[in-house]
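The values are calculated or read from the model by the stated rules, or taken from the named source; none is laboratory data. Predicted model, so just to flag it, every value in this text is computed and none were measured. Ideal geometry is used to build each Cβ from the backbone, glycine not excepted, and the neighbour counts take in all protein chains shown. Side chains included, ligands, DNA and RNA excluded: accessible areas come from the protein's heavy atoms. Shrake-Rupley method; radii C 1.70, N 1.55, O 1.52, S 1.80 Å.
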Amino acid sequence: MFAASPLLSPYHDCHAPSGGHVITRSNGPEQAPENEYQRELAAFARDLKDLKLVNGMGYRDFEKLSTKHSLSVTLSASGVSDVMSGKRWPSRDFLLALVRVLLIQEDGGLVELRDSRLQQWDHRWRRLVQLRDRANQSTPLEVQHGSPSDEPAPVQIDFVPPPGDATLQELDSAKSDLREILSNLETHANDVRNEFRQVLNEQSRVAAELSRLAELLEKERNHNETLERQIEELEQLRAELGRQLEDLRDQLAEIDSDKAVLFEDESELNDRRAMLNFDWARYEEDRRARAEAEAARLREELTDVKHKLEAADRLIRDGQSH
């Protein structure tokens, strides 16, 4: 992974195995360059993935949009995938093109290079390069266990498939119920995605402020108590926002899973409806064939009776003439 945050302070955001967040401080007066680099690197990748997640873009969309807007760098699907998975460190031009394409979803058009959000990513990329160059050794961090995090509330799906002997009308009603559930689920997904975007924006704001204060603290080197207290509070807030993002990621994943199950149920309902329609059509065809056969038999009987009546009529006339 290459991703991390722009937050540089003597404090570390530690994630306990149980899910809690604890703020601890390194033993030395400042972080070792390797620790600082790895920490920012991890947050850089995480924030880049979150930006992709909140805008809901597929890897092939990057190539299409970069070509459409004639960017200096072509964002191939494989290249973006390698960057997102941490297999490849992006060049500055590649990163800026990637972020510009992601921001198209938010702004509705290509942002200028002087856009403040783009400048912030450029600043983080340059700082990572500096940290990477001066990283020589790591300082072990003290990690404490926090309290367990709350599990995200599961999405309730109250769909019960109709019985095997259900009629066509019952299947239609079940399908209508299923589509309504899917519609509600999609609405819920949009709500979660909007909340995710809000939390992500707030986390970005906190990260930027924390980065500013951390750099100020690093320059001054005077261990200002007020400044350190502000950084500690922002670290704690960032940890809480990170937990909220994890919960929202879990909700989105669960929604996708529920939608897949419901789509399978809908497919099964369609198959059953098609089978019932086929059986009904075959029954109607058989009944029509029997009716036509009966009509033909009656026509033959009618013709026979008619002939007999004509013969009887001739016999009567012959008898009368004699």
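Let a ≥ b ≥ c be the square roots of the eigenvalues of the Cα gyration tensor of region 181-242; is it rounded (a/c under 1.5), or, if not, prolate (a/b larger than b/c) or oblate?
Here region 181-242 falls in the prolate category.
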For region 228-309: span of alpha carbons on each principal axis (Å, largest first): 120, 13, 6
Accessible surface of region 196-239, 1.4 Å probe, proportion on carbon and sulfur as whole %: 44
Cα→Cβ-extended label distance, 7 Å offset, between Q120 and K308, nm: 10.1
Estimated inter-spin distance, E284 and V129, nm [label 7 Å along Cα→Cβ]: 7.3
